[in-house]
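Structure first, then comments.
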Amino acid sequence: MEYFLELICGGLTRGAIYALIALGYTMVYGIIGLINFAHGEIYMIGAFTAFIIATALTIYGFPLAAVVIVAGLAAAVWAAAYGYTVERIAYRPLRGAPRLSPLISAIGMSFFLQNYVLLAQTADFVPFPALIPDFDFLEPYSHIIGASDLVILATTAVVMVTLTCVIRYTTIGKAMRATAQDSAMALLLGINVNRVISITFIIGSALAAIGGLLVASHIGQINFYIGFLAGIKAFAAAVLGGIGSIPGAVLGGMLLGLTESFGTGYISSDYEDVFAFSLLVLILIFKPAGLLGKATVEKV
Amino acid sequence: MLRLEHVRAGYGNILAIKDISLVISEGEIVTLIGANGAGKSTTLMTISGLVPCRGGKILLNGREIQGEAPDNIVRLGLSQVPEGRHIFPLLTVKENLDMGAFLRRDKDGVKRDLEFVYTLFPILEKRQRQHGGALSGGEQQMLAMSRALMARPKMLLLDEPSMGLAPLLIKQIFAIIERLNRERGTTIFLVEQNARKALRVAHRGYVLENGEIIVTGTGRELAANEKVQSAYLGM
């Protein structure tokens with residue numbers, strides 16, 4: 001029973017991270033119909049930014065809470081700047097081009113950012129400082145849920161609730177939904193569609209960076225390549241839940257996390273990725289648009 | 001108020017409008033009639049800045065607006081209700097109206113205008129929490145017009161407001177158009193296939209054929225014109 005609970009907690013934690021990254025994929029897809037393959041790299045850049053800031057602040061002896069907050073904010077802002085810039089230089093000039101062109105541009109951006117970090121930082125794994133302390137009150141349950149699991153789950157929950165409120169109730173949230181549904185009409189109402197798209201990239205990138213910080217601190221090391229697998233998994237989560245759907249991304253992420261956790265826990269950890277992608281294939285056979293997605297006629 | 005001088009525009013290699021010159025003065029209702037594919041909608045989209053102007057000038061109160069971003073054109077007081085209404089299907093009626101007021105910062109004014117459109121179309125207030133996509137065609141047309149009014153435009157561009165509506169609803173929509181013009185002084189540029197109805201409410205009209213203006217005159221003159229009668233009024 002305890003093992004079962006441990007697997008559930010582990011699965012939810014994984015799922016929360018997948019969901020955080022998947023939100024960026026799904027929001028961008030919802031608004032411009034593009035799969036932003038460079039999104040995993042934004043997550044990686046977020047982790048590296050957090051690493052640099054956190055290490056520096058730790059050396060200067062700042063208290064842990066301050067280190068976490070400053071590193072988190074810096075990672076979010078820096079990654080958002082990258083997300084914004086990527087959209088400006090790699091996707092915006094291709095607006096109105098055939099759908100394949102921005103897709104190829106996105107893959108190119110992904111390679112570029114990976115190699116850029118490889119050259120600017122290092123090819124090796126670097127140790128990420130432990131930013132999350134052990135909580136005393138978790139001591140009796142430490143074999144089921146760790147401190148970083150709890151922090152990841154709580155942070156993700158807060159971020160999701162905030163995002164939902166922004167999208168549902170604020171003017172910019174409504175403008176994002178309006179643009180996703182009918183961008184020509186949004187233009188006719190005076191909505192600056194390009195700005196809405198930029199804001200979508202900024203929000204998605206900041207979420208990915210927060211995910212990057214949480215995972216890096218959980219696992220304890222990062223390198224330039226971590227964005228690849230995380231990106232693919234989160235993309236699978238977004239597709240699983242129905243790409244374009246925000247609740248779908250969260251649901252897809254959680255399902256994927258739990259599947260991996262149970263698969264590795266009860267069967268074999270060698271097949272971790274097999275479980276994830278088998279689930280994806282299985283669901284797409286029966287629900288091609290994903291769990292919460294709407295069936296559409298033509299999408300790449 | 002709005003003046004088009006030898007405007008040309010189109011999509012890709014096709015020039016949908018070849019040479020359009022027209023004038024709309026403040027407080028007027030002017031209609032543009034023509035057959036399917038004559039270039040009516042392209043004319044409106046060019047004015048709104050969604051289709052690039054390939055030649056000529058578009059002047060709003062003496063200021064050239066061709067090449068301006070669409071949001072700046074809305075800011076200058078020009079709102080369009082496009083053909084087919086383009087309601088945001090998954091936004092509620094109220095949210096659709098909020099989007100109409102997207103550029104406005106005067107909260108009190110927006111609130112007053114919301115009350116105004118609810119008095120024009122009480123059904124919208126009843127349905128304010130429903131999704132736009134759940135409305136009937138007539139209600140969607142009312143919502144589309146109300147949404148444009150939420151920007152408090154000085155001039156309203158209406159593209160086929162009667163399309164696909166029952167006769168009674170058409171009558172109601174045209175009555176509202178006249179009322180807006182009379183009570184609020186909103187200048188109206190009306191594109192219609194329903195030429196008979198359009199010429200009855202319009203002060204003046206232009207007839208568009210293959211991307212060019214072929215006749216112009218007052219509503220009554222055009223309704224009496226033989227060519228217009230045979231081509232557009234089925235007489």
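The values are calculated or read from the model by the stated rules, or taken from the named source; none is laboratory data. Quick caveat, the model's predicted, so the values are computed rather than measured. Because the Cβ atoms are built from the backbone with ideal geometry, glycine has one as well, and the counts that use them run over all protein chains shown. What goes into the accessible areas is simple: the full protein's heavy atoms, side chains included, and nothing from ligands, DNA or RNA. Shrake-Rupley method; radii C 1.70, N 1.55, O 1.52, S 1.80 Å.
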Counting only residues in region B:57-95 that are assigned to a helix (DSSP H, G or I) and aliphatic (A, V, I, L, M), the one farthest from the other protein chains (Cβ to nearest Cβ) is identified as B:V93
Which condition breaks for B:I188 when tested against (1) within 14 Å of chain A (Cβ to nearest Cβ); (2) closer than 11 Å to B:T31 by Cα? (1)
Based on what the data block shows, is A:V67 buried (at least 21 other Cβ atoms within 10 Å of the Cβ) and of a type in the set (V, I, T)? yes
Of the residues in region B:108-133, those that are away from every other protein chain (no Cβ under 14 Å) and among the small types (G, A, S) come to B:G109
Could you check A:H218 against (1) crowded, with 19+ Cβ neighbours inside 10 Å; (2) of a type outside the set (D, E); (3) modelled with pLDDT of 90 or more and say which number it fails? (3)
Determine if region A:190-197 includes at least one residue that is on the phi < 0 side of the Ramachandran plot and under 19 Å from the mean Cα position of the chain (by Cα). yes
Tell me, which strands (runs of 3 or more DSSP E) lie completely within region B:127-235 with 2 or more residues that are of a type in the set (V, I, T) and at negative phi? B:187-192, B:212-218
Being open to solvent by 10 Å² or more (accessible area, probe 1.4 Å) and more than 10 Å from every other protein chain (Cβ to nearest Cβ) is the filter here; which residues of region B:96-107 pass it? B:R105, B:D106, B:K107
Which of the residues spanning region A:155-190 are of a type in the set (D, E, K, R) and open to solvent by 60 Å² or more (accessible area, probe 1.4 Å)? A:R168
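Per-residue answers, yes or no, for (1) open to solvent by 50 Å² or more (accessible area, probe 1.4 Å); (2) without any contact (Cβ under 8 Å) to a residue 60 or more places away in the chain:
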residue	(1), (2)
A:I107	yes, no
A:Q114	no, no
A:L119	yes, yes
A:T122	no, no
A:A130	yes, no
A:F137	yes, yes
A:S142	yes, yes
A:L153	no, no
Could you tell me whether any residue of region A:260-267 is without any contact (Cβ under 8 Å) to a residue 24 or more places away in the chain, in contact with a Phe, Trp or Tyr (Cβ under 6 Å, 6 or more places away or on another chain) and surrounded by 14 or more Cβ atoms within 10 Å (Cβ to Cβ)? yes
If I ask for residues that are in a helix (DSSP H, G or I) and modelled with pLDDT under 95, which ones from region B:98-107 would you list? B:K107
Within region B:13-41, restricting attention to residues that are without any contact (Cβ under 8 Å) to a residue 60 or more places away in the chain and either in contact with a Cys (Cβ under 8 Å, 6 or more places away or on another chain) or not in a loop (DSSP other than H, G, I, E, B) (or both), which residue is least open to solvent (accessible area, probe 1.4 Å)? B:V23
Does A:A56 qualify as being closer than 20 Å to A:A76 by Cα and open to solvent by less than 10 Å² (accessible area, probe 1.4 Å)? no
Any residue in region B:61-84 that is under 13 Å from the mean Cα position of the chain (by Cα) and among the acidic types (D, E)? yes
Given the conditions (1) under 30 Å from A:Y169 (Cα atoms); (2) within 14 Å of chain A (Cβ to nearest Cβ), and given that B:D159 satisfies all but one, which numbered condition is not satisfied? (1)
Out of A:L292, A:L284, sole residue that is open to solvent by 50 Å² or more (accessible area, probe 1.4 Å), assigned to a loop (DSSP other than H, G, I, E, B) and of a type in the set (A, V, I, L, M, F, W, C): A:L292
Picking from B:A198, B:A231, which residue would you name as being surrounded by fewer than 20 Cβ atoms within 10 Å (Cβ to Cβ), touching a residue at least 60 places away in the same chain (Cβ under 8 Å) and not β-branched (V, I, T)? B:A231
